[in-house]
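Undergrad: My questions will all concern the structure given below.
Read the figures in this text as sums done on the coordinates, not as results from a lab. Predicted model only: the values in this text are computed from it and were never measured. Note that each Cβ is placed from the backbone with ideal geometry, even for glycine, and that neighbours are counted across all protein chains shown.
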Amino acid sequence: MQQRLVSSTSDYFPLAVPDGAGVDAVRYGNMVHEHSQIPGAHNTPAAEEGNDIVSHVKGKYGELLFARWLADKSLTPAHTPFRSDYSRKVDDDDFVVGGVRIEVKAKRRGLNSPFPPALRYNVNMGRRGLEHDVYVFIEVDPRGPIEANPPALIVGWATPRLIQKVGVETWPGKTSDNGDFTFKRYDWDIEIRNLYKPIFLDKQFAAKV
C-alpha cells in the first residue's frame, strides 16, 4: 500500500480552473449559506462551527473544479451537488460516479502557509459517520479572492477504511502533539503523506472500493 500513498508534492494534481469558476462558487456559496441559516439545518456542533459563507464558497469552488476534472477524464456523474435551490436540505447532495459516492473537501490555509502544502500538513473532515465511498482533498491557493480563480490541487484521496486506519480523532480542547494548537472541533485529521496519490483516483469509479 505504501507505494500508493503520497510521497512527494510532485504527486499533487493541478486542477484546471474553468473561466468564471470563482464567480460561480460565490453564487452557489451564497445560496447554500442562505439555506444554512434555517433553524435545524445543521445537526452537530462541528457543522455549526463551519457554517459561514467563506466556508461554503471555498467548498463550492473545490466542487466546481472537481466537476471539471471529471469532465476532463470523460467521467459523467449521475449526481452532483449543484442545485438552483438550496432551500431544502438534501442528505446525499454529493457526487456519484459509477455508483461511487464522493465527498470533496476543499481547504484554504492562511497566507503564511506554503502552497503547495507540505506533506506533514493535515487535511481534516468532520468526525461523523463515514458514509461516502471516496473522500477527495483539494487545496486552494490562499492568495487573492476566490473570484480571481486561484490555483488548486488535488493533494490526495481516501476511503473510509484508510481514514479509520491512519486518521487521528480530535475534539474541542485537545492539544496537538507539538503543543502549538488546540483543536476546536470533532474531526478526523490526516497527514497528506497518508493519503492515496491523486493518480489512482479515477480508477476507483469502475467499482466501489
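Undergrad: Would you call VAL97 within 15 Å of the chain's Cα centre (by Cα), within 24 Å of ASP24 (Cβ to Cβ) and touching a residue at least 40 places away in the same chain (Cβ under 8 Å)?
TA: No; evaluated as a whole, the condition is false for this residue.
Undergrad: Are any residues in segment 142-185 closer than 15 Å to TYR121 by Cβ and assigned to a helix (DSSP H, G or I), and if so, which ones?
TA: VAL166
Undergrad: How many residues, within segment 105-141, are in contact (Cβ under 8 Å) with a residue 24 or more places away in the chain, over 18 Å from GLU63 (Cβ atoms) and out of contact with any helix residue (DSSP H, G or I) (no Cβ under 9 Å at 6 or more places or on another chain)?
TA: 5
Undergrad: Can you tell me which residue within segment 106-122, out of those that are closer than 24 Å to ASN30 by Cα and surrounded by 18 or more Cβ atoms within 10 Å (Cβ to Cβ), is farthest from the chain's Cα centre (by Cα)?
TA: ARG108
Undergrad: Which pairs have Cβ atoms under 9 Å, sit 6 or more apart or on different chains, and link a residue in segment 167-187 that is more than 21 Å from TYR135 (Cβ to Cβ) to one that is aromatic (Phe, Trp, Tyr)?
TA: Listed pairs, sorted by first residue: PRO172/PHE183; PRO172/TYR186; GLY173/PHE183; LYS174/PHE183; THR175/PHE181; THR175/PHE183; SER176/PHE183.
Undergrad: A further question follows. Applying the selection to segment 55-81, what residues are in contact with a Leu (Cβ under 8 Å, 6 or more places away or on another chain) and in a loop (DSSP other than H, G, I, E, B)?
TA: THR76, PRO77, listed by residue number.
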